[in-house]
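Written out below as C-alpha cells is the structure these notes cover.
The values are calculated or read from the model by the stated rules, or taken from the named source; none is laboratory data. Every value quoted in this text rests on a predicted model; they were computed, and no experiment measured them. Glycine also receives a Cβ, built like all others from the backbone with ideal geometry; neighbour counts cover every protein chain displayed.
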Amino acid sequence: MKDLRTGRIEITSQNHGFAVAAPDGGLRVEADEPVRWETDFGAAELSHVNLYDRTVEGLTLLDVPGGTVQYHPEAGPGPNDSLYLFDRFLDQVKAQA
C-alpha cells in the first residue's frame, strides 16, 4: 500500500471482500496521484493505493472532516506501519473542537 501524501510504502493487513470504485468508475487506479472526485459525502481525494492490485485503499474527504482506508491500521500484532492514521484522526478531531 502507498500513502500518496508522503510517498511511503506500508505493509498492511488486508481484507478485500469489496473495493471502492476508482474515480472513473473502474476497479483500478493506474496513477499514483491524489486524484479527486465527487462522492455521496462531497469531494474526496485518493490518499492511498494498493500496489498489488491497484485498488483504492484510502480517501480523504474534502468537504467534511474525515477519511477512510480499505485495510486494518489497528491490526495486531502487526504490522504497525499505519498507526500514524490515528494521529491524523486525532488532529482532525482537535481542529474541529
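Key figures for this structure:
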quantity: Within the range 44-69, tally of residues that are acidic (Asp, Glu) and touching a Ser or Thr at 6+ places or on another chain (Cβ under 6 Å); calculated: 1
quantity: Matching residues in the range 11-51 - criterion: being within 13 Å of residue 69 (Cβ to Cβ), hydroxyl-bearing (Ser, Thr, Tyr) and at pLDDT below 90; calculated: 12, 13
quantity: Scope the range 53-97; condition charged (D, E, K, R), without any contact (Cβ under 8 Å) to a residue 24 or more places away in the chain and in a strand (DSSP E or B); matching residues; calculated: none
quantity: Index of the failed condition, residue 69 passing every other in (1) in contact with a helix residue (DSSP H, G or I) (Cβ under 8 Å, 6 or more places away or on another chain); (2) more than 18 Å from residue 28 (Cβ to Cβ); (3) of a type in the set (A, V, I, L, M); calculated: (2)
quantity: Lone unmet requirement of (1) surrounded by 12 or more Cβ atoms within 10 Å (Cβ to Cβ); (2) small (Gly, Ala, Ser); (3) assigned to a loop (DSSP other than H, G, I, E, B); (4) within 13 Å of the chain's Cα centre (by Cα) for residue 7; calculated: (1)
quantity: Matching residues, the range 1-44, being under 17 Å from residue 63 (Cα atoms) and either touching a residue at least 24 places away in the same chain (Cβ under 8 Å) or of a type in the set (D, E, K, R) (or both); calculated: 34, 36, 38, 40, 41
quantity: Residue in the range 15-36 that is closer than 19 Å to residue 92 by Cβ and either surrounded by fewer than 17 Cβ atoms within 10 Å (Cβ to Cβ) or in contact with a Ser or Thr (Cβ under 6 Å, 6 or more places away or on another chain) (or both) present; calculated: yes
quantity: Any chance residue 34 is touching a Leu at 6+ places or on another chain (Cβ under 6 Å) and assigned to a loop (DSSP other than H, G, I, E, B); calculated: yes
